[in-house]
Amino acid sequence: IKDHYDVVIIGSGGAGLTSAIQAYELGLSPVILEKMDKLGGNTTRASSGMNAAETFVQLDHHIVDSFEDFYNETFIGGGKMNNPELLKFFTEHGALAIDWLDQHGIKLDDLTITGGMKTERTHRPSSLAPIGGYLVTELLKYIAKDQIPLFDNIKVTELLTDNGKITGIKATADKDITIKTDAVVLATGGFGAGKDLLAEYRSDLLNLRTTNQPGATGDGLKLAQKVGAKLVDMDQVQVHPTVQQDTPHAFLIGEAVRGEGAILINNDGQRFVNELDTRKNVTAAIDNLGGTGAYLIFDRDIRDRVKAIEFYDHIGLVTTGQTVAELAEEIHVEKQALQQTVKDWNVAVDNQDDKWFARTTGMERDISDGPFYAIHVAPAVHYTMGGVAINHKTQVLNEKNQVINGLFAAGEVAGGLHGNNRIGGNSIAETVVFGRQAGQQAYKYLKG
Ligand code: ADP
């Protein structure tokens, strides 16, 4: 490791890897520092896809979308609390980000839909594999090809400034190190696994499990705050509704399962919510069941559309029945009730009319193609919408909304884009859109 780089990128998730490649391609010498021994952060756990509007992929599927719809649906889903400047940049640069990935051999040719969205704009690999692992693996190939230095097991502990400008960082590895640099990109992710920050901002959630990797402790927020950064929306923590947590590990069951047609039922074998309402509303509906959790119900056809289910099944999280009645028995709900629910749902799909919960999306497939499957799910802490204040150039802002020179932030560490509820598919999109932007703006700052 050298004692100087043009730009130090902290974190090896989607935002960090993207900004490093972008900075490198502009001619900078970046370094990526990752505190864990596993690379990829929470990004590796992302399952749904990447949202973007007006893409070539959408046109190939005969879907005519608009930046405006993408903006409005995200804004409504986020309780109209989204930072408009960030949201505008985000919705208008998703298509470019998809193209940029495509140029780098990363193909997201299939589409699905997530809760709160009205049109299919969640791009995913045509292998139907979960997006996160795919994205990180492919970006790491570029990092290797370009020989961009990346070090694991190095934890950044301090940002160094002089006269309000970034001058370097301190980190701990085997020994303490100091690196000189004029630009830092914070790509450290959120604090879903950070008990101290949760205790400070959302102590009501402390007893919930989390889908996050153990390194998601909000380091970037603390580092930035110490050099004067403003934090925004810190109490906005997303609880994901459909997490399988009957084993020691909490497994997020991606929204694609609902997007492709699964329904949610309660212990009485009945639906209780529009399954593709926002995560916030679906979580509230499951909480209202009184702590029992809920079951995702789907058939073979839907299963085939979501590759991750194979893995969930392999590790024992999926219950199977050859018939709906047999499935009901396996999960101890009343046979007739579940049969009736599935029958009613299939009529709703046929008529494209959900009389009960007004669901309008994820209704391409009914549930008629055995075997039938169930996954037990309940809410868990998933994503922290709050974070470091940035402008659309990813420049970090202080309490007076002034730029802190040389400090950039991208990805979950930054706050404001999602308002009070992040839409599924928007976090991968955020890492690529703002990761690229951070690489570009670091270049402009240093060489412009
Ligand atoms: P994003 O989706 O925004 O890219 P991720 O959670 O995928 O965020 O990745 C963030 C990465 O940053 C994780 O791998 C995490 O371990 C790493 N990280 C967090 N804090 C530090 C730190 N202090 N020093 C180095 N790496 C860090």
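The values are calculated or read from the model by the stated rules, or taken from the named source; none is laboratory data. Only a predicted model underlies this, so the values are computations on that prediction, with no experimental measurement involved. Cβ atoms come from the backbone with ideal geometry, glycine included; neighbour counts cover every protein chain shown. Areas reflect the complete protein model, heavy atoms only, side chains present, ligands, DNA and RNA absent. Shrake-Rupley method; radii C 1.70, N 1.55, O 1.52, S 1.80 Å.
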Check: Looking only at segment 199-229, which residues have a backbone nitrogen under 17 Å from a spot 7 Å from the Cα of Thr292 in the C-beta direction?
Finding: none
Checklist line | Karplus-derived HN-Hα couplings along segment 273-289 (A = 6.51, B = -1.76, C = 1.60, θ = phi - 60°), whole Hz, x at Gly and Pro | finding: 7, 6, 4, 10, 5, 5, 4, 4, 6, 5, 4, 4, 5, 5, 4, 5, 6
Note to self: Which residue fluctuates most in the GNM of the chain (Cα springs below 10 Å): Gly386, Gly228, Gly49?
What the structure shows: Gly228
Item checked: Residue-averaged [θ]222 nm for the chain, counting only DSSP H segments that reach four residues, each worth -39500 (n - 2.57) -> -10000 deg cm²/dmol
Check: Roughly how big is the chain's charge dipole about its Cα centre, with Cβ charges of +1 (Lys, Arg) and -1 (Asp, Glu), in debye to the nearest 20?
Finding: 1440
Next item on the list: Against the globular-protein guess of 2.2 N^0.38 Å, express the Cα radius of gyration of segment 18-167 as a ratio, rounded to two decimals.
Entry: 1.19
Note to self: At 0.36 nm per residue, and after removing the present C-alpha to C-alpha distance, how many nm does the segment from His4 to Asp162 gain when stretched out fully?
What the structure shows: 55.3 nm
Checklist line | Nitroxide proxy distance, nm - points 7 Å out along Cα→Cβ at Glu138 and Val347 | finding: 4.4
Next item on the list: Hey, can you grab everything whose amide H is under 5 Å from the amide H of Asn274? Only 5+ residues off in sequence or another chain; H modelled, so Pro and N-termini drop out.
Entry: none
Next item on the list: With θ set to phi - 60°, apply the Karplus curve 6.51 cos²θ - 1.76 cosθ + 1.60 along segment 88-93 and write out the HN-Hα couplings as whole Hz, x wherever there is a Gly or Pro.
Entry: 5, 4, 4, 6, 8, 10
Check: So what is the relative contact order of the chain, in percent, for Cα pairs below 8 Å that sit 6 or more residues apart?
Finding: 25
Next item on the list: Can you find, among Ala23, Leu140, Asn72, the residue farthest towards the positive end of the dipole of segment 1-140? Put +1 on the C-beta of Lys and Arg, -1 on that of Asp and Glu.
Entry: Leu140
Next item on the list: Mind listing the long-range amide H neighbours of Ser29? Cut-off is under 5 Å, sequence gap 5 or more, other chains count too, H placed in the peptide plane at 1.01 Å from N.
Entry: Asp6, Val7
Note to self: Testing the spin-label approximation: label points 7 Å from Cα along Cα→Cβ at Leu59 and Glu310. State their distance in nm.
What the structure shows: 3.3
Next item on the list: Using θ = phi - 60° and the Karplus relation 6.51 cos²θ - 1.76 cosθ + 1.60, list the HN-Hα couplings for segment 213-226 in order, rounded to whole Hz, with x at every Gly or Pro.
Entry: 6, x, x, 7, 10, x, 3, x, 5, 6, 4, 5, 4, 5
Item checked: Convex hull volume per residue for segment 328-388, taking Cα atoms only, in Å³ -> 148
Margin query: Just the number please: accessible area per residue for the chain, 1.4 Å probe, all protein chains included, in Å².
Written below: 39
Next item on the list: For a label point 7 Å from the Cα of Lys444 along Cα→C-beta, name the residues of segment 424-438 whose backbone N is under 14 Å from it.
Entry: 434-438
Margin query: With the cut-off at 1.5 for a/c, could you classify segment 234-289 from its C-alpha gyration tensor as rounded, prolate or oblate?
Written below: rounded
Checklist line | Asp37-Asn398 FRET efficiency (beta carbon distance; Förster radius 60 Å; 0.05 resolution) | finding: 0.95
Check: Out of residues 5 or more away from Glu158 or on other chains, whose amide H comes under 5 Å of its own, with H placed 1.01 Å from N in the peptide plane?
Finding: Lys170
Margin query: What number results when the radius of gyration of segment 247-372, computed over Cα atoms, is divided by 2.2 N^0.38 Å?
Written below: 0.98
Item checked: Solvent-accessible area, 1.4 Å probe, carbon plus sulfur percent, for the chain -> 47
Margin query: Could you tell me what a quarter of the Cα convex hull surface of the chain works out to, in nm² with one decimal place?
Written below: 20.2
Margin query: Please report the net charge: other residues with Cβ closer than 9 Å to the Cβ of Leu264, K and R +1, D and E -1.
Written below: +1
Next item on the list: Looking at the chain, send over the antiparallel percent of its DSSP beta bridges, to the nearest 5.
Entry: 70
Note to self: Can you give the Rg/Rh ratio of segment 145-245, where Rg is from the C-alpha atoms and Rh is the Kirkwood radius?
What the structure shows: 1.03
